[in-house]
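Novice: Sending over a structure as structure tokens; questions will come in a sec.
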Number of protein chains: 2
Amino acid sequence: MAETLTIWTLDWVPPGPRGFVRDLRLRWAAEEAGLAYVVRTIAFEDRETNHLDRQPFGQVPFLTDGDVALFESGAGLLHLAGKSETLMPRDTAGGAETLQWTIAALNSIEMVSVPWWFLKVTGQAENGLASWMDKRLAQLEVVLSKRDWLAAGRFTVADLIMADVLRVSDVRARGERPATEAYVARVTARPAFRKAHADQIAHFAAADSERSKRG
Amino acid sequence: MAETLTIWTLDWVPPGPRGFVRDLRLRWAAEEAGLAYVVRTIAFEDRETNHLDRQPFGQVPFLTDGDVALFESGAGLLHLAGKSETLMPRDTAGGAETLQWTIAALNSIEMVSVPWWFLKVTGQAENGLASWMDKRLAQLEVVLSKRDWLAAGRFTVADLIMADVLRVSDVRARGERPATEAYVARVTARPAFRKAHADQIAHFAAADSERSKRG
């Protein structure tokens with residue numbers, strides 16, 4: 001019997017990041033693809049050093065799948081996409097377009113939005129990355145005003161990752177971008193997102209109870 | 001006859017970015033893989049808007065390969081890796097490890113190093129991203145102190161992209177990291193890098209002559 005697909009995350013996080021910890025991306029992809037999986041955890045305490053043998057940057061999630069072990073949520077998504085036509089079309093052109101937009105989410109949008117957000121939450125609300133980010137978001141608004149899905153005329157893993165990058169409230173609040181807002185609403189209305197999101201919230205809430213018992 | 005693999009870049013850039021325009025990544029990968037390719041160009045003038053039908057963020061490079069058209073250098077690299085065992089091992093675990101480190105270069109290292117560099121060159125030498133970048137670079141130094149190549153015990157496309165991210169002089173100057181420095185030297189000593197680099201330099205230098213003739 002093949003080893004079960006396992007998504008590794010933290011055993012607990014404070015309320016702030018709940019619903020945004022990136023194991024959500026892998027849960028969501030597995031739900032879309034109908035792949036069975038289990039969730040296992042590493043300790044929140046000493047999280048930056050307690051699993052460096054598995055993740056050299058001390059982050060979650062990581063994924064194990066038989067003899068495959070992967071960190072980087074984007075890599076995990078592409079690995080799962082290789083197992084499911086729901087996530088990535090099997091024709092060469094459609095697969096390439098999906099790959100292109102998956103990388104665009106990671107390396108053209110998130111590469112600006114996450115550092116911008118990091119500076120913002122560390123006290124620089126209007127920082128030197130704001131105009132660059134606003135430009136990228138405006139360029140993406142043009143794309144999304146012309147189509148419902150990024151690649152291949154249908155939902156793919158590219159929409160999963162792009163919507164996950166865009167749904168961050170600070171990013172959504174960054175100006176009026178109606179096509180992008182409709183896109184985020186459309187992608188996150190999918191049952192697989194709702195289940196993955198609810199499951200992550202429940203996972204961390206259950207850990208609250210455990211921690212209060214330990215007192 | 002299949003359409004030739006075509007790498008699209010700008011027809012000219014000022015001296016500063018020469019040797020760093022990202023068509024280099026695709027030239028390098030094609031050279032490693034022994035794939036025949038041609039280079040075609042779009043005009044530097046109005047470059048942010050003159051090819052939005054091909055690249056919605058107004059950037060280069062993009063790649064065409066028969067009926068496949070791809071922007072995002074990372075996506076182009078993974079597309080080429082699918083055509084060449086030199087770039088990515090064919091066994092599942094080795095392929096996954098290569099994918100993981102390719103995404104790590106794009107979404108864990110470059111996601112910090114490029115915004116940090118952008119703030120630096122726009123006047124904020126010590127900006128709010130410096131400590132985050134230094135931490136990531138230190139974590140990577142630990143990895144590189146234990147192995148010569150990131151994935152599968154040999155050169156892969158993950159090394160190509162990681163070395164390209166790390167070879168930026170401002171990043172190299174960011175503290176003493178001997179294993180990283182040796183790694184960058186090792187990867188960029190490859191004949192395929194040297195050829196791709198020299199070809200890009202020559203490409204833009206030739207355009208200087210054309211421009212001076214046009215007066």
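Novice: Evaluate the following for residue A:78: is it touching a residue at least 12 places away in the same chain (Cβ under 8 Å), farther than 25 Å from residue B:141 by Cβ, more than 9 Å from chain B (Cβ to nearest Cβ) and not polar (S, T, N, Q)? Even if it seems obvious, please write down each step before you answer.
Specialist: Details: touching a residue at least 12 places away in the same chain (Cβ under 8 Å): yes; farther than 25 Å from residue B:141 by Cβ: yes; more than 9 Å from chain B (Cβ to nearest Cβ): no; not polar (S, T, N, Q): yes.
Considered against the rule, which asks whether it is touching a residue at least 12 places away in the same chain (Cβ under 8 Å), farther than 25 Å from residue B:141 by Cβ, more than 9 Å from chain B (Cβ to nearest Cβ) and not polar (S, T, N, Q), residue A:78 comes out as no.
Novice: Going by the conditions given, is residue A:64 outside any loop (DSSP other than H, G, I, E, B), more than 8 Å from every other protein chain (Cβ to nearest Cβ) and either polar (S, T, N, Q) or out of contact with any Cys (no Cβ under 6 Å at 6 or more places or on another chain) (or both)?
Specialist: Yes: the conditions hold for residue A:64.
Novice: Then there's this: Contact list please: Cβ distance under 6 Å, first residue in region B:170-193 and under 24 Å from residue B:31 (Cα atoms), second residue aliphatic (A, V, I, L, M), pairs at least six apart or on different chains.
Specialist: Within 6 Å, the pairs are B:180/B:144; B:183/B:144; B:184/B:163; B:184/B:166; B:187/B:163; B:188/B:163.
Novice: Which one of B:27, B:40, B:18, B:47 is basic (Lys, Arg) and in contact with a Ser or Thr (Cβ under 8 Å, 6 or more places away or on another chain)?
Specialist: Unique residue meeting the criteria: B:40.
Novice: When you check residue B:141 against the structure, is it acidic (Asp, Glu), outside any loop (DSSP other than H, G, I, E, B) and crowded, with 23+ Cβ neighbours inside 10 Å, yes or no?
Specialist: For residue B:141, the condition - acidic (Asp, Glu), outside any loop (DSSP other than H, G, I, E, B) and crowded, with 23+ Cβ neighbours inside 10 Å - is not met.
Novice: Turning to a different aspect of this structure: It is to be established whether one or more residues within region B:42-53 are part of a helix (DSSP H, G or I) and either in contact with a Phe, Trp or Tyr (Cβ under 7 Å, 6 or more places away or on another chain) or at the interface with another protein chain (Cβ under 9 Å from one of its Cβ atoms) (or both).
Specialist: no
Novice: Further, regarding this structure: Collect the residues in region A:90-101 that are in contact with a helix residue (DSSP H, G or I) (Cβ under 7 Å, 6 or more places away or on another chain) and without any contact (Cβ under 8 Å) to a residue 60 or more places away in the chain, keeping them in residue-number order. Don't jump to the end; show me each part of the working.
Specialist: At the first step, the residues of region A:90-101 found to be in contact with a helix residue (DSSP H, G or I) (Cβ under 7 Å, 6 or more places away or on another chain) are A:96, A:98-101.
Correct list: A:96, A:99, A:100.
Novice: Separate question: For region A:81-94, enumerate the residues that are closer than 24 Å to residue A:183 by Cβ and facing another protein chain (nearest Cβ under 8 Å). It would help to see each step written out before you state the result.
Specialist: Within region A:81-94, the first condition is being closer than 24 Å to residue A:183 by Cβ, and the residues that meet it are A:81, A:84-89, A:91, A:93-94.
A:93, the sole residue that qualifies.
Novice: For residue A:97, indicate whether it is buried (at least 20 other Cβ atoms within 10 Å of the Cβ), within 7 Å of chain B (Cβ to nearest Cβ) and at pLDDT 95 or above.
Specialist: no
The values are calculated or read from the model by the stated rules, or taken from the named source; none is laboratory data. Please read these numbers as outputs of a predicted model, since none were measured by experiment. Glycine also receives a Cβ, built like all others from the backbone with ideal geometry; neighbour counts cover every protein chain displayed.
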